[in-house]
1. Any residue in the stretch 37-45 that is of a type in the set (G, A, S), surrounded by fewer than 16 Cβ atoms within 10 Å (Cβ to Cβ) and over 27 Å from Y184 (Cα atoms)?
2. Can you name every residue in the stretch 12-21 that is open to solvent by less than 10 Å² (accessible area, probe 1.4 Å) and either among the polar types (S, T, N, Q) or touching a helix residue (DSSP H, G or I) at 6+ places or on another chain (Cβ under 7 Å) (or both)?
3. Do any helices (runs of 4 or more DSSP H) entirely within the stretch 236-350 hold 1 or more residues that are closer than 27 Å to A166 by Cβ and open to solvent by 30 Å² or more (accessible area, probe 1.4 Å), and if so, which?
4. Is it the case that D160 is open to solvent by 10 Å² or more (accessible area, probe 1.4 Å) and free of Cβ contacts under 8 Å to residues at least 60 places away in the same chain?
5. Anything in the stretch 167-203 that is open to solvent by less than 40 Å² (accessible area, probe 1.4 Å), part of a loop (DSSP other than H, G, I, E, B) and touching a strand residue (DSSP E or B) at 6+ places or on another chain (Cβ under 8 Å)? List them, or say none.
6. Kindly establish whether G304 is touching a residue at least 12 places away in the same chain (Cβ under 8 Å) and within 19 Å of the chain's Cα centre (by Cα).
Amino acid sequence: MKRIGMLTSGGDCQALNAAMRGVVKCLSCSGEPVEIYGFLEGYKGLIYGNFRMLTGADFSGILTKGGTILGSSRTPFKLMREPDENGLDKVEAMKQNYYKLRLDCLVILGGNGTHKTANMLREEGLNVVTLPKTIDNDLWGTDMTFGFQSAVNIATDCIDCIHTTAASHGRVFIVEVMGHKVGYLTLNAGMAGGADIILIPEIPYDIKKVVDAINKRSERGSKFTILAVAEGAISKEDAALSKKDYKKKMAEYKYPSVSYEIAEKIQKKTGLDVRVTVPGHTQRGGSPCPYDRVFASRLGAQAGRMILNGEYGFMVGYKNREIVKVPLEDVAGKLKMVEPDSDIIQEAKMLGISFGD
């Protein structure tokens, strides 16, 4: 009999349930008896032994359901080696709960921070298989993460809706898209939604270039401009600051987010009416799109096969349109960034999109 622990960690997204369902259906269809222990609220459940046994009924009807049936939480990797408020050794507690349940493997679904902890557990001797979840698509070792395409669809829908009101009123609209460090979501949604200017963390912007792009549109007779701005977009001036100086500046920051700072500067320099729209956590919510349902199911099935074959210590990834096994030590602690000179950036510029550089 296979005894499998399962948890979802970090920010939720669409297709987490679809991925877990894929794992369980693969294991169930193999004919080998299996017990599934679901740890609740991410690594917290593994630390404090908060779990419940799951049956086939728990995975029925969840292919289209967003969020996660196990709940999730953020448990920062940098705090994992520090005792909790009661002096509990978190790493040792996770190991003991793994051994008490006599688990054969932990299936862990999550993003960058989640994979750091997953790799640490691997180093501690636990059998681990992971699945790449994040709307940011910034995990190293995989071309795609589930949740990304669903989030692109939602952010694109938001930009689509903004087009009609922007055209009606002749305004400049900023749509702030999720992405603190990496701009894949903003880049893809911006291109899909026909944004005129796209600002992402990897390409620091010059506000003068942004204003120039808006003015050129006005000169050509365009009555509105739409900007897709990543929440982590940064100006060239701020990018040149030391970490200490930038941290000091942000401690005194008067704006709700960078989009409002950009809006104020555009309004002052152009005299145009500027509005900011923040779709926020709607980008994580709702049902997974068909692509993510299929993709997450495929990854889950491959994870199940790896468990049956005793292949542990890997993330199930996707490279060059093939499902691949990626060693956890190659994934942990690395970010996949948008390359400023990549083909997609150059092609976007060919379409007349400005990146403020």
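The values are calculated or read from the model by the stated rules, or taken from the named source; none is laboratory data. The structure displayed is predicted, hence computed values, not measured ones. No Cβ is skipped: glycine too gets one built from the backbone with ideal geometry, and neighbour counts run over all protein chains shown. When the accessible area is computed, the model is the full protein with side chains, heavy atoms only, and any ligands, DNA or RNA have been set aside. Shrake-Rupley method; radii C 1.70, N 1.55, O 1.52, S 1.80 Å.
1. Looking through the stretch 37-45, none of the residues is of a type in the set (G, A, S), surrounded by fewer than 16 Cβ atoms within 10 Å (Cβ to Cβ) and over 27 Å from Y184 (Cα atoms).
2. Just the residues of the stretch 12-21 that are open to solvent by less than 10 Å² (accessible area, probe 1.4 Å), to begin with: 13-20.
Correct list: C13, Q14, A15, N17, A18, A19, M20.
3. Values: elements: 236-239, 243-251, 258-270, 290-308, 328-331, 343-350.
Correct list: 236-239, 258-270, 343-350.
4. Details: open to solvent by 10 Å² or more (accessible area, probe 1.4 Å): yes; free of Cβ contacts under 8 Å to residues at least 60 places away in the same chain: yes.
Here the answer is yes, as D160 does meet what is asked.
5. Filtering the stretch 167-203 down to residues open to solvent by less than 40 Å² (accessible area, probe 1.4 Å) leaves 170, 172-179, 182-183, 185-187, 189-190, 193-203.
Adding the requirement that they be part of a loop (DSSP other than H, G, I, E, B) leaves 170, 178-179, 182-183, 193-196, 200-203.
Listed by number, the residues that qualify are M178, G179, V182, G183, G193, G194, A195, D196, I200, P201.
6. On the way: touching a residue at least 12 places away in the same chain (Cβ under 8 Å): yes; within 19 Å of the chain's Cα centre (by Cα): no.
Considered against the rule, which asks whether it is touching a residue at least 12 places away in the same chain (Cβ under 8 Å) and within 19 Å of the chain's Cα centre (by Cα), G304 comes out as no.
Table: residues versus (1) touching a strand residue (DSSP E or B) at 6+ places or on another chain (Cβ under 9 Å); (2) within 21 Å of Y291 (Cβ to Cβ).
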position: E85; (1), (2): no, no
position: L109; (1), (2): yes, yes
position: H115; (1), (2): yes, no
position: R122; (1), (2): yes, no
position: V128; (1), (2): yes, no
position: D138; (1), (2): yes, yes
position: M144; (1), (2): yes, yes
position: T165; (1), (2): yes, no
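Yes/no matrix, rows are residues, columns are (1) aromatic (F, W, Y); (2) closer than 14 Å to S73 by Cβ; (3) assigned to a helix (DSSP H, G or I):
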| position | (1), (2), (3) |
| --- | --- |
| A19 | no, no, yes |
| S28 | no, no, yes |
| G31 | no, no, no |
| K44 | no, yes, yes |
| I47 | no, yes, yes |
